[in-house]
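Notes follow the structure.
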Amino acid sequence: MAKALYIDYQKCTGCRLCELVCAVKHDGISNPTRSRIKVMKWEAEGLYIPMSCQQCQDAPCLNVCPVKAISRDEELGRVVVDYDVCIGCRSCVAVCPFGAMNFNVIDKKVIKCDLCDGDPQCVRFCDVNALEFVSPDEISIGKKRDAAGRLSKAGREAGVLLAEL
């Protein structure tokens, strides 16, 4: 079964090491603007959210590409760009609901997460484990556990409020 990149934004500290590692891995330079993962920052709230391609099953980028340069690699469960076919029209950038498709103005090509061919370096270097490369089942179980914990906490808090009345 193909694995997926799971991002736990609650653990992210905003260090942006994932961006640097990604840029070095793909382009050989330490420049976060060339990263395939982007950390969105809301400093005042202390909120940092890494954003990356979600490898959508019904990928809008794949469907909109006029020259069919974007396809799905079923083995790794990822959406890939064939740069020999891509014409740089940026239609994929416009339709990505996550803002994960980007355009590199230096190389004049679209860039997106390719899961580092099955060994995502951002995961490997994330010290706080905000990024994980796991099976979709593990993601689902983790989210269910978190939701159950929130519901349980809300139920306990409601019980306390009712007891006070």
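Based solely on its DSSP helices, what 222 nm [θ] is calculated for the chain when runs of n ≥ 4 H residues each add -39,500 (n - 2.57) and the sum is averaged over all residues, nearest 500 deg cm²/dmol?
Numbers: 5 runs with 55 residues, N = 165.
Counting only the DSSP helices, I get -10000 deg cm²/dmol.
Explain nothing, just compute: Karplus ³J(HN,Hα) = 6.51 cos²θ - 1.76 cosθ + 1.60, θ = phi - 60°, for every residue of the stretch 126-134 in order, whole Hz, x for Gly and Pro.
Listing the rounded values in order: 7, 5, 9, 6, 6, 10, 9, 10, 9 Hz.
P(r) for the chain: what percent of alpha-carbon pairs falls in each 5 Å bin, starting at zero?
Taking every Cα pair in the chain, the percentages come to 1, 8, 15, 18, 19, 14, 9, 5, 4, 3, 2, 1, 0, 0.
Please give the length that would be gained between Ala44 and Phe98 if that part of the chain were fully extended, namely 0.36 nm times their separation in residues minus their C-alpha to C-alpha distance (nm, one decimal).
Numbers: separation 54, 0.36 × 54 = 19.44 nm, distance 2.25 nm.
Full extension from Ala44 to Phe98 adds 17.2 nm.
Over the chain, what relative contact order in percent results from Cα pairs under 8 Å that are six or more residues apart?
Working: 241 pairs, mean separation 43.9, N = 165.
Worked out over the chain, it gives 27 percent.
Search the structure for amide H atoms under 5 Å from the amide H of Arg78, placed 1.01 Å from N in the peptide plane, and list their residues when 5 or more places away or on another chain.
Amide H to amide H, under 5 Å and 5 or more residues apart or across chains, Arg78 pairs with Asp73.
Evaluate the charge dipole of the chain about its Cα centre and quote only its size in Debye, nearest 20, assuming +1 on the Cβ of each Lys and Arg and -1 on the Cβ of each Asp and Glu.
On the way: 22 positive and 22 negative charges, 60 e Å.
So the magnitude is around 280 debye.
Treating the angle as unsigned and between 0 and 90°, give the value, to the nearest 10°, between the Cα long axis of helix 17-27 and the longest Cα principal axis of the chain.
20 degrees
For the chain, find the longest principal axis of its Cα atoms and tell me its angle to the long axis of helix 136-164, 0 to 90°, nearest 10.
The angle comes out near 30 degrees.
Within the stretch 63-139, which trypsin sites (Lys or Arg not before Pro) sit in a loop by DSSP and count at most 14 neighbouring Cβ atoms inside 10 Å? Please report the intermediate quantities before stating the final value.
Details: sites: Lys68, Arg72, Arg78, Arg90, Lys108, Lys109, Lys112, Arg124; in loops: Lys68, Arg90, Lys108, Lys112.
Sites meeting the loop and neighbour criteria: Lys68, Arg90, Lys108.
Going by a 4.7 Å Cβ-Cβ cut-off, which cysteines of the chain have no partner at all?
Cys12, Cys15, Cys22, Cys56, Cys65, Cys86, Cys89, Cys96, Cys116, Cys126
What's the center-to-center distance, using Cα atoms, between the stretch 1-71 and the stretch 80-142 in Å?
Result: 5 Å between the Cα centres.
Could you give the C-alpha radius of gyration of the stretch 1-69 expressed as a fraction of 2.2 N^0.38 Å, taking N as the number of residues it contains? Please list the in-between numbers first.
On the way: Rg = 14.4 Å, N = 69, 2.2 N^0.38 = 11.0 Å.
Against the compact-globule rule of thumb, the ratio is 1.31.
Report the residue, chosen from Val93, Val21, Val128, that carries the largest GNM mean-square fluctuation when the chain is represented by alpha-carbon nodes joined by springs under 10 Å.
Val128
Read-outs throughout are calculated quantities, based only on the coordinates presented, and are distinct from any laboratory measurement. Note that the structure is a prediction, hence the values are computed from the model and not measured. Quick reminder, even Gly has a Cβ in these numbers, built from the backbone with ideal geometry, and neighbours come from all protein chains shown.
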